[in-house]
1. What residue, among those in region 1-31 that are under 28 Å from the mean Cα position of the chain (by Cα) and among the β-branched types (Val, Ile, Thr), is nearest to His106 (Cα to Cα)?
2. Would it be correct to say that Gly73 is surrounded by 14 or more Cβ atoms within 10 Å (Cβ to Cβ), small (Gly, Ala, Ser) and within 13 Å of the chain's Cα centre (by Cα)?
3. Starting from region 15-30, keep only residues that are over 13 Å from Ile69 (Cα atoms), then list their pairs with residues that are modelled with pLDDT under 95 and exposed (fewer than 11 other Cβ atoms within 10 Å of the Cβ) whose Cβ atoms are within a distance under 8 Å, requiring at least 6 positions of separation or different chains.
4. So for region 14-36 (the condition being surrounded by 12 or more Cβ atoms within 10 Å (Cβ to Cβ), in contact with an Asp or Glu (Cβ under 6 Å, 6 or more places away or on another chain) and in a loop (DSSP other than H, G, I, E, B)), does at least one residue qualify?
5. Is it the case, given these coordinates, that Arg64 is among the basic types (Lys, Arg), at pLDDT 95 or above and either surrounded by fewer than 14 Cβ atoms within 10 Å (Cβ to Cβ) or farther than 22 Å from Lys19 by Cα (or both)?
6. Report the residue count in region 86-112 for those that are on the phi < 0 side of the Ramachandran plot and either of a type in the set (Gly, Ala, Ser) or touching a Pro at 6+ places or on another chain (Cβ under 9 Å) (or both).
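The values are calculated or read from the model by the stated rules, or taken from the named source; none is laboratory data. Quantities reported herein were computed from a predicted structural model and do not represent experimental measurements. When we count neighbours, we look across all protein chains shown, and the Cβ atoms used for this are built from the backbone with ideal geometry, even at glycine.
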Amino acid sequence: MPFIQDFKPIALKDSNLFKPIKVGNNELPQRVAMAPLTRMRAHHPGNIPNKDWAVEYYSQRSERPGSFIITEGAYPSAQCGGYDNAPGIWNEEQLVQWRKIFGKIHENKSFVWVQLWVLGKQRESFEIQ
């Protein structure tokens with residue numbers, strides 16, 4: 001029996017999408033999240049989140065209180081990376097910029113989680129440090 005024969009659509013208002021959910025210690029007012037959008041705009045060298053507009057970018061996307069933001073993929077160490085313009089989150093210079101981003105999101109009364117990104121075998125052998 002095909003899936004579609006048993007499928008009964010429901011109105012969004014009757015779904016769980018806009019109902020609160022607890023994630024860890026956080027109570028989210030709804031179940032919608034901004035998915036990670038790795039835009040390759042970090043400063044190189046250094047894999048630092050863009051100092052010119054990353055704070056504004058995340059601020060705009062977290063303006064509605066209770067927004068659930070998953071950041072762009074960030075390398076947890078230099079050995080995990082491979083793309084020059086993807087952000088990292090392993091040294092103080094990067095953390096300074098991330099703290100500004102997190103501060104703005106929290107100021108907007110929204111929530112943020114970092115997507116950790118490890119290239120693994122996708123990484124080119126000449127990039128391995």
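1. It comes out as Val23.
2. Working: surrounded by 14 or more Cβ atoms within 10 Å (Cβ to Cβ): yes; small (Gly, Ala, Ser): yes; within 13 Å of the chain's Cα centre (by Cα): yes.
It is true that Gly73 is surrounded by 14 or more Cβ atoms within 10 Å (Cβ to Cβ), small (Gly, Ala, Ser) and within 13 Å of the chain's Cα centre (by Cα).
3. Phe18/Leu12
4. Yes, some residue in region 14-36 is surrounded by 12 or more Cβ atoms within 10 Å (Cβ to Cβ), in contact with an Asp or Glu (Cβ under 6 Å, 6 or more places away or on another chain) and in a loop (DSSP other than H, G, I, E, B).
5. On the way: among the basic types (Lys, Arg): yes; at pLDDT 95 or above: yes; either surrounded by fewer than 14 Cβ atoms within 10 Å (Cβ to Cβ) or farther than 22 Å from Lys19 by Cα (or both): yes.
Yes: the conditions hold for Arg64.
6. Taking region 86-112 first, the residues on the phi < 0 side of the Ramachandran plot are 86-108, 110-112.
Still in the list and also either of a type in the set (Gly, Ala, Ser) or touching a Pro at 6+ places or on another chain (Cβ under 9 Å) (or both): 86-90, 94, 97-98, 100-101, 103, 108, 110.
Here the count works out to 13.
Each row is one residue, and each column tells you yes or no for (1) out of contact with any Ser or Thr (no Cβ under 7 Å at 6 or more places or on another chain); (2) assigned to a loop (DSSP other than H, G, I, E, B); (3) in contact (Cβ under 8 Å) with a residue 12 or more places away in the chain; (4) surrounded by 15 or more Cβ atoms within 10 Å (Cβ to Cβ).
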{"residue": "Tyr58", "(1), (2), (3), (4)": "yes, no, yes, yes"}
{"residue": "Gln79", "(1), (2), (3), (4)": "yes, no, yes, no"}
{"residue": "Trp90", "(1), (2), (3), (4)": "no, yes, yes, yes"}
{"residue": "Gln94", "(1), (2), (3), (4)": "yes, no, yes, yes"}
{"residue": "Val118", "(1), (2), (3), (4)": "yes, yes, yes, no"}
